[in-house]
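Step one of this worksheet: look at the structure below.
What follows is calculated from the coordinates using simple rules that are stated; it is not laboratory data. Nothing here was measured: the structure is a model prediction, and the numbers come from that model. No Cβ is skipped: glycine too gets one built from the backbone with ideal geometry, and neighbour counts run over all protein chains shown.
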Amino acid sequence: MTPRITPSIVPDAVDGRAFEDGADCVRILISGAQTSGDYSVLEWIVAPLPQDAQTSFGPHRHGLYEETFLVLKGALAFLLDDRVIELVAGDFISVPKETRHGYINRSGAPVHLLVTFRPAGMEELFFRHRSDQTVAPSVEDFLDEAARDHASTYEL
């Protein structure tokens with residue numbers, strides 16, 4: 001007999017809001033509004049690093065959130081504290097609150113991720129500050145809101 005997984009929360013439908021975060025493409029699959037703020041799930045396609053770009057993992061910390069990453073397709077260099085881990089399709093990593101982390105796509109091809117936040121909230125910050133708006137909010141506004149409302153700090 002095949003075991004059956006019974007989820008604790010079954011959202012009514014996929015949220016589906018799609019947006020751009022710089023060169024990356026993001027879709028909110030499950031928002032905090034659907035889980036009473038318990039968690040959110042995002043599909044994140046990480047664009048490859050341009051050949052002439054500076055190498056940066058975009059290190060940051062979330063004081064309120066545990067974040068997980070499942071690599072669905074591709075390969076990604078992942079920074080966890082001060083250690084770099086090469087992740088490939090099928091690899092999963094869980095980042096506890098307050099842990100310095102980041103990633104970079106040096107593979108030359110898009111990398112597909114499934115990203116979760118527990119509790120929810122960061123998905124709304126990313127959506128509000130998406131880069132595909134007619135007038136995108138400033139990086140400074142994003143950093144201020146991230147620090148003030150989400151206890152998240154970015155090393156830029």
* **Förster radius 22 Å - calculated FRET efficiency between residue 14 and residue 38, Cβ distance, rounded to 0.05** => 0.85
* Structure fact -> With T = 4 °C, eta = 1.567 mPa s and Kirkwood Rh from C-alpha pairs, the Stokes-Einstein D of segment 31-128 in µm²/s is about 93
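So what is the relative contact order for segment 18-154, in percent, with contacts set as C-alpha pairs under 8 Å and at least six apart?
That works out to 31 percent.
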* Asked: For the residue pair residue 148 and residue 94, what label-to-label distance in nm results when each label sits 7 Å from Cα along the Cα-to-beta-carbon direction?
  -> 3.3
* Structure fact -> Between residue 72 and residue 107, the two model label points (7 Å from Cα along the beta-carbon direction) sit apart by a distance in nm of 1.3
* To do: Treat every Asp and Glu Cβ in segment 18-154 as -1 and every Lys and Arg Cβ as +1, leave all other atoms uncharged, and give the resulting dipole magnitude about the Cα centre to the nearest 20 debye.
  => 280
* Could you give the nm distance between label points at residue 86 and residue 155, where each point is 7 Å from its Cα heading toward the beta carbon? -> 2.3
* Taking segment 80-154 on its own, what percent of its Cα-Cα pair distances exceed 16 Å? -> 62
* Asked: Which peptide among 29-38, 143-152 comes first, and what is the full order, when sorted by highest mean count of other Cβ atoms within 10 Å?
  -> 29-38, 143-152
* Return the calculated 222 nm mean residue ellipticity for the chain, to the nearest 500 deg cm²/dmol, obtained by summing -39500 (n - 2.57) across DSSP H runs with n ≥ 4 and dividing by the residue count. => -3500 deg cm²/dmol
